[in-house]
Amino acid sequence: MAPFRLAASLWGEGPALRTICIVEDDEAVRDSLRALLETHRLEVTDFASPDALLAHGPLSGFDCFVVDFQMPGMNGLELVEALRKRGASQCAIVISAMRPSPSRERMDRAGVIAWLPKPVPEPDLLTWINRAIDCASARLQ
């Protein structure tokens, strides 16, 4: 496996800061994710609900989406599908206390590259965020 590239950004080397979009209805989890990612010099924009993100406006400023699955109203996969309909092409990571119930095919079509169980170990989350950023970069080429 290639060396972990986000580590280079920790020390001010490498590419510009990346912006991660978090959608999580649990404030404590949202705050913890934000704090963790910011310690790795990632910019974070977070939302308490799918509706808040959808009302936000342009989605092009995000390098990837990290979304909770179980939220009031629209679930995380439905949110990612709605983002696709609005033209977002960034990859998404779903985090959940539940096992995946949607089909792998549906998640692939939506651009979900990982379904991670809560609590997500820091190295796993950072590895998948790195992959999501790579995925977005590959789609732009």
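Multiplying the residue separation of residue 19 and residue 134 by 0.36 nm and subtracting their alpha-carbon distance yields 40.1 nm.
Working ranking of peptides 93-103, 72-82 by packing, defined as the average number of other Cβ atoms within 10 Å per residue, highest first, is 72-82, 93-103.
Show me, bin by bin at 10 Å from 0, the whole-percent P(r) of segment 15-140 based on Cα pairs. Using 10 Å bins, I get a P(r) of 13, 52, 33, 2 for segment 15-140.
Potential lengthening of the chain between residue 56 and residue 70 amounts to 3.0 nm, from the contour at 0.36 nm per residue minus the alpha-carbon distance. Would you work out which of 45, 129, 117 lies farthest towards the positive end of the dipole of segment 15-140? Charges go on Cβ: Lys and Arg +1, Asp and Glu -1. With unit charges placed on the Cβ atoms, the residue in question is 129.
For segment 51-79, backbone nitrogen atoms closer than 17 Å to the point 7 Å from residue 103 Cα along Cα-to-C-beta are found at 77-78.
Bear in mind that the values in this text are calculations on the coordinates, not laboratory data. Everything quoted here is computed from the prediction, not taken from an experiment. Here the Cβ is made from the backbone with ideal geometry for all residues, glycine too, and neighbour counts use every protein chain on show.
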